[in-house]
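The values are calculated or read from the model by the stated rules, or taken from the named source; none is laboratory data. All figures in this text were calculated on a predicted structure; none of them were measured in a lab. When we count neighbours, we look across all protein chains shown, and the Cβ atoms used for this are built from the backbone with ideal geometry, even at glycine. Side chains are part of the model used for accessible areas, which takes the heavy atoms of the whole protein and leaves out ligands, DNA and RNA. Shrake-Rupley method; radii C 1.70, N 1.55, O 1.52, S 1.80 Å.
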Amino acid sequence: MPVFHGTLFQINRSEMMRYAGLPPKGSDFPEALIRESIEEASALASPRGIWQLLPYDAQTGTLFGDPPLCLEGRQIRKHLSHSVSAAVLAVTAGPDIEQASTDYFHSGLYAKGLLLDAAATAITEHLADQLDRYIQASARRTGRHTAWRYSPGYGDWPVTQQQALCRLIHAEEIGISVTDHSMLLPRKSVTAIIGLSPCSEAPKPQQCTQCHLISCPFRIRPARHFSR
Amino acid sequence: MHLFDGAMGTMLQKYGLAGSECPDYCNVSHPDIVQRIHREYAEAGSEYITTNTFGASPLKLADYGLEDQVEAIAQAAVRNARAASPHIRVAGDIGPTGQFIRPLGDLSFDEAASNFYRLAKALADAGADCLIIETIIDIQEMRAALTAAKAACSLPVICQMSYSEDGRTITGTDPAAAAILLDAMGADVIGANCSVGPDKLLEAAKQMARVTDKPLIIQPNAGMPVLDGNTTRFPLAPEDMAPYIARFAEAGVTFAGGCCGTTPAHIRAMREAMDRLPAPEPRPAVEPLTAFTSRTRTVFVGPGHAPVMIGERINPTGRKKMREEIQSGSFVSVKKEALAQVAAGADMLDVNMGVPGIDQSAAMEKVVMELSMLCPAPLSIDSTDPAVLEKAVKIYPGRPLINSVSADPALMEKVFPLARKYGAAVLCLPLAKGGLPKTAEERIALIRQILETARSFGLRRQDLLLDPLVLTAASDQKAPSETLRTLRLYREQFHCPTVMGTSNVSFGLPGRPQLNAAFLSMAFACGMDAPIINPLDETMQRTFAEARLLLGFDAGARQYIASVSETPAAVPSSSVSSDKPVLEQIRDAIRNGEKEEAARLMNDAIQEKMSPDRIIKEGLTAAMTEVGDAYGIGKVYLPQVMMAAEAMQSAFSELKVLLPSMKNDSKGTALLCTVQGDIHDLGKNIVAALLENSGYRVIDLGKDVAPEAILAEAKRTHVDFFGLCSLMTTTLPELKKTAALLREHIPACRIMVGGAVVTPEYAREIGADAYAKDGVDAVRKADQLMTADPVSE
Ligand code: B12
């Protein structure tokens, strides 16, 4: 399976602040604490990413991997209705940051624990974005367009398909495992699918307004992109 | 200007050879068709024909099980190209492996290099006139291919990178940085191909022309492809692309051609445009410039450029924690130190792994690899051991500084070829066996020797930097002035930038930061370009800001003013006013999350003979409630609530120290955990912190906890209520199961639930007594639970 582990340059600060529950501007929260948390998380991260391009049949919603996988969920199938192939990907920031965050909590440094966790999430998203961009660029060279990245567990795509999806791309090769309850280990990991189609009118990105978690504190209004 | 050819893939497709077959093997299986394509390009006016070997390196051929055919394919390919016309020159083509090199991918630098070596050698042996490495999207892969090509033969090597929409490679390198590095590594022609059409490549050419005198090559694709049914169309017609020839020429480009989607018709149109060009004017020479690059950044050093700050702190000498970590194989401290220095303004970082009892080469390799994907500042590799240096400069995806070489012939013989091969610059130290050179004149003589040797190894002026030798003022009071005089003489006699380790001057003396700063200012005045200093030292930061302004690199004094008005980030003084009554001060300290202040105020309050009960109630708890309420209405944010909780905790601990006999009434005992199967604990940790600081005793069983374990714990100790959470839908059933088991065995127990996917409805459905949407809510609900009547069955 192809791997692309990604770099740690330019972690998105305002995303990190959003995950920490801070507004991007207008709070007098100490700048240095935010910066240091991003630095610490970057120092602790071990970025890994793996992916595979697979043929996809939109009619039956089948990904032709080994073994073939039939996608469950109306929304994801609709999202991929123009796709002829799909890239399945998984990334992780590694296990060390979350351990450090928990350790901070246990030694009474709550704010640091929280900020470090948020920085780890921002890094995880940053890694997924890089792999996404690489897949997009490779697709464009062959004249294909990419649909927005979509993850199991969102909308009505059951998170229980996580296991099968990870098996298709050998996510274990980058140290990701899936528990019986469909959780990814390390915690700071993401799996997703990106549909490739010959036509340019890609479906709309996932948006907060489509999510059923109405009172989610991360909900963006008006919808900018999906709350994660 | 000279013309290359157009696409091979597009033409193979046209002649029905696309599909499952290996395109490179067509050289062997369908020489007639390959020759025909080459001939069409030659007839259209190409002077250079590129062999059909884009994917003929062993790693790529392995996709078809053809890895043992590299030489056969290369032979056939060069023969096919030659057959096009007796006048053309043959460029042996080398394309990417499709894999990333460590740490971005799993391929090692050596594996990549030997892969390219085999194809380069095969093409050279087959009689190619030059080699062309093209469509490379990561600078490290280009480095591997270029070193391999240079090792395999003495043919000229053309290097073409491929850039994305944002003008950088997919891994963040811009054309100027690539050109600086490839020029230093000895590429003969530098350029770009494919990418996103001619427009963007014109821009890339302009950027490259500013930093290198090497001939430039541009081979754009015919725009981004569009799928039309099953065929790929490219939007740009020959007449769309031909006009770019004049613009490329104007930008100083020497070679042009086409990539994906270009056909003999495109090449013919380019030929016509080229033939109409006026006689080319020679490109204005680029002033030799010394620059360093990382994967994503370029730093210019020397006269005409702002002073460059080289951070000195990645050096385990005298730093126990860093040393022990490195010995144990961990580089977390080193990485943190790197990022902190960059944040403090370092332009480059010196990296020293001088740790006794470890394999220094291995440590250097590991740390350089890790920093290469983390740290935007180019590195200075600090070692005099050629083996250590080689490991580092080989795998660094940029142009680093080698720190350093002295006038020791055996050392120079090893270090200079390394610098040349991998494109590093070298810091030259005027030292030789047999004593320190005391006078400036002695140093000049030594430097002259070093420079001569360096040139004989093919290094250029811009590859060499000079150190004036900083000795301690304490041991020889003439030493510093001699260093400054050396600097002035360097500037007069050589044109190389200067570097020095600054802090040595104050060794053994008091008031070191001020003395270092004074010396640095003087050195700047004498022509110091890039001192190695401690970027975290505020005195040094100020000296730098001043120097930038006074040397004319700070337009409008903007950076200087910013540096002066910046409140020192270190310890913000307390905002708590001491005029207020002490309880009010305590509340302020908690609200602002000021731990030390909160603890200190406990002493004040006790001195005022205030009862601990009152301090807690009217000071601590009152403030915490206020913070919670402000959070509820969005006036205060979660991290601030956590800081308040920390301040609260430190105040409590201080109280306990002051009044060991203080009655420690808790509001009740809470048992918290994340249910079985769930691995999330951030939310629960937050809830635990807030409950604890609101007067509850908290037993935290952690995450992924079996219901039986919870029950067992509840039987061991008294528990007033349970706090359970689940963060994903897959563990909601576990939440239900756990609640049911607890209810079954402890009918009167009180259960509170929460977590991202838990709703109040679901809480009710599974028989929980309370639902909390966040940590602050959890405290409120806990208080309600504790005052309400115990649940009756
Ligand atoms: C950040 C985030 C991520 C990050 C970090 C994940 C991590 N756990 O570290 C990343 C990007 C890695 C990620 C990945 C995934 N995520 Co996610 N993620 C989130 C997000 C946006 C925030 C979670 C968070 O950290 N919140 C901050 C903390 C402080 O909040 P909290 O845990 O909820 O805790 C508060 C309250 O719930 C309450 N509380 C918590 N515990 C307790 C306990 C008690 C006793 C009480 C009373 C109260 C209480 O108080 C806490 C403090 O205020 C949520 C959306 C959401 N609204 O929660 C989705 C969400 C949890 N993720 C979701 C999904 C689907 C995923 C993935 C499966 C996607 C994928 N296929 O890759 C993966 C799975 C990862 C894994 N390890 O298994 C879904 C889950 C849906 C479902 N079906 O279960 C959510 C709900 C998003 C959604 N809109 O659908 N995710």
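If you go through segment A:131-146 and keep only what is out of contact with any helix residue (DSSP H, G or I) (no Cβ under 8 Å at 6 or more places or on another chain) and either more than 14 Å from the ligand (Cβ to nearest atom) or away from chain B (no Cβ under 13 Å) (or both), you end up with A:ARG133, A:TYR134, A:ILE135, A:GLN136, A:ALA137, A:SER138, A:ALA139, A:ARG140, A:ARG141, A:THR142, A:GLY143, A:ARG144. Filtered by the rule that a residue be within 13 Å of chain B (Cβ to nearest Cβ) and outside any helix (DSSP H, G or I), segment A:147-166 gives A:SER151, A:PRO152, A:GLY153, A:TYR154, A:GLY155, A:ASP156, A:TRP157, A:PRO158. The residues of segment A:121-130 that are within 12 Å of another protein chain (Cβ to nearest Cβ) and either away from the ligand (no atom under 13 Å from the Cβ) or in contact with a strand residue (DSSP E or B) (Cβ under 6 Å, 6 or more places away or on another chain) (or both), listed by number, are A:LEU127, A:GLN130. Which ones in segment B:415-439 are out of contact with any strand residue (DSSP E or B) (no Cβ under 9 Å at 6 or more places or on another chain) and either acidic (Asp, Glu) or part of a helix (DSSP H, G or I) (or both)? Selection gives B:PRO417, B:ARG420, B:LYS421. Among the residues making up segment B:662-695, those that are more than 12 Å from the ligand (Cβ to nearest atom), in contact (Cβ under 8 Å) with a residue 60 or more places away in the chain and open to solvent by 10 Å² or more (accessible area, probe 1.4 Å) are B:LYS667, B:GLN676, B:SER694, B:GLY695.
Here is a yes/no grid of residues against (1) part of a strand (DSSP E or B); (2) β-branched (Val, Ile, Thr); (3) within 12 Å of the ligand (Cβ to nearest atom); (4) modelled with pLDDT of 95 or more:
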residue	(1), (2), (3), (4)
B:HIS718	no, no, no, no
B:PHE722	yes, no, yes, yes
B:GLU734	no, no, no, yes
B:ALA740	no, no, no, yes
B:ALA748	no, no, no, no
B:ILE751	yes, yes, yes, yes
B:ALA756	no, no, yes, no
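Between residues in segment A:157-186 that are near the ligand (Cβ under 9 Å from one of its atoms) and residues that are open to solvent by 50 Å² or more (accessible area, probe 1.4 Å) and of a type in the set (S, T, N, Q), which pairs lie under 7 Å by C-beta distance while being six or more apart or on different chains? These pairs meet every condition: A:TRP157/A:GLN75; A:VAL159/B:THR729; A:VAL178/A:GLN163; A:SER182/A:THR160; A:SER182/A:GLN163; A:LEU185/A:SER177.
In the condition set (1) among the aliphatic types (A, V, I, L, M); (2) crowded, with 20+ Cβ neighbours inside 10 Å; (3) modelled with pLDDT of 95 or more, B:ALA605 is compliant with all but (3). Where helices (runs of 4 or more DSSP H) fall wholly inside segment B:290-384, the ranges with 3 or more residues that are in contact with a strand residue (DSSP E or B) (Cβ under 6 Å, 6 or more places away or on another chain) are B:332-343. Quick check: is even one residue across segment B:628-648 of a type in the set (Val, Ile, Thr), open to solvent by 40 Å² or more (accessible area, probe 1.4 Å) and not in a helix (DSSP H, G or I)? Yes, segment B:628-648 has at least one match. Within segment B:724-742, residues that are farther than 12 Å from B:VAL705 by Cα reach partners that are of a type in the set (Phe, Trp, Tyr) with beta carbons closer than 8 Å, at six or more positions or on different chains, in the pairs B:LEU732/B:TYR762; B:LEU742/B:PHE722. For B:ILE679, the criteria (1) within 24 Å of A:ALA111 (Cβ to Cβ); (2) in a helix (DSSP H, G or I) hold in every case but one, which is (2).
Can you report the number of residues in segment A:3-22 which are at the interface with chain B (Cβ under 7 Å from one of its Cβ atoms) and open to solvent by 30 Å² or more (accessible area, probe 1.4 Å)? The number of residues fulfilling the criteria is 1. Picking from residues in segment B:243-261 that are of a type in the set (A, V, I, L, M) and within 20 Å of B:THR10 (Cβ to Cβ), the one that is surrounded by the fewest Cβ atoms within 10 Å (Cβ to Cβ) is B:ILE245. Cβ-Cβ distances below 6 Å connect the following pairs, each with a first residue in segment A:109-124 that is of a type in the set (Ser, Thr, Tyr), a second residue that is open to solvent by less than 10 Å² (accessible area, probe 1.4 Å), and a separation of six or more residues or different chains: A:TYR110/B:MET642; A:TYR110/B:ALA645; A:TYR110/B:ALA689; A:THR124/A:ALA93. Before we move on, is B:GLU654 open to solvent by 10 Å² or more (accessible area, probe 1.4 Å) and away from chain A (no Cβ under 14 Å)? No. A:GLY49 meets all of the listed conditions (1) open to solvent by 30 Å² or more (accessible area, probe 1.4 Å); (2) at pLDDT 95 or above; (3) outside any loop (DSSP other than H, G, I, E, B) but one, namely (1).
The residues in segment B:385-397 that are part of a helix (DSSP H, G or I), under 16 Å from B:GLU413 (Cβ atoms) and open to solvent by 10 Å² or more (accessible area, probe 1.4 Å) can be counted, and the count is 3. Taking every residue in segment B:221-237 that is more than 9 Å from chain A (Cβ to nearest Cβ) and closer than 15 Å to B:CYS194 by Cβ and pairing it with any residue that is of a type in the set (A, V, I, L, M) and open to solvent by 50 Å² or more (accessible area, probe 1.4 Å), at least 6 positions away or on another chain, the pairs with Cβ-Cβ distances below 8 Å are B:PRO235/B:VAL226.
Do we find that B:THR171 is under 30 Å from A:HIS82 (Cα atoms), among the β-branched types (Val, Ile, Thr) and touching a residue at least 24 places away in the same chain (Cβ under 8 Å) in this structure? Here the answer is yes, as B:THR171 does meet what is asked. Against the criterion of being touching a helix residue (DSSP H, G or I) at 6+ places or on another chain (Cβ under 6 Å) and within 15 Å of A:PRO152 (Cβ to Cβ), A:LEU89 qualifies. The numbered conditions (1) among the hydrophobic types (A, V, I, L, M, F, W, C); (2) touching a residue at least 60 places away in the same chain (Cβ under 8 Å); (3) under 24 Å from B:GLN462 (Cβ atoms) are all true for B:ALA523 except (2). When every residue of segment B:84-97 is checked against the conditions, none turns out to be part of a helix (DSSP H, G or I) and either surrounded by fewer than 24 Cβ atoms within 10 Å (Cβ to Cβ) or at pLDDT 95 or above (or both).
For segment B:710-728, a residue qualifies if it is open to solvent by 50 Å² or more (accessible area, probe 1.4 Å) and farther than 16 Å from B:ALA748 by Cα, and the qualifying residues are B:ARG716, B:LEU727.
The single condition among (1) open to solvent by 30 Å² or more (accessible area, probe 1.4 Å); (2) more than 10 Å from every other protein chain (Cβ to nearest Cβ) that B:LEU182 does not satisfy is (1).
Kindly indicate whether B:PRO612 is surrounded by 13 or more Cβ atoms within 10 Å (Cβ to Cβ) and over 43 Å from the mean Cα position of the chain (by Cα). When the stated conditions are applied, B:PRO612 passes them. Hey, could you check segment B:759-783 for residues that are open to solvent by less than 20 Å² (accessible area, probe 1.4 Å) and within 7 Å of the ligand (Cβ to nearest atom) and say which is nearest to B:THR717 (Cα to Cα)? Applying the filter and picking the extreme gives B:ALA778.
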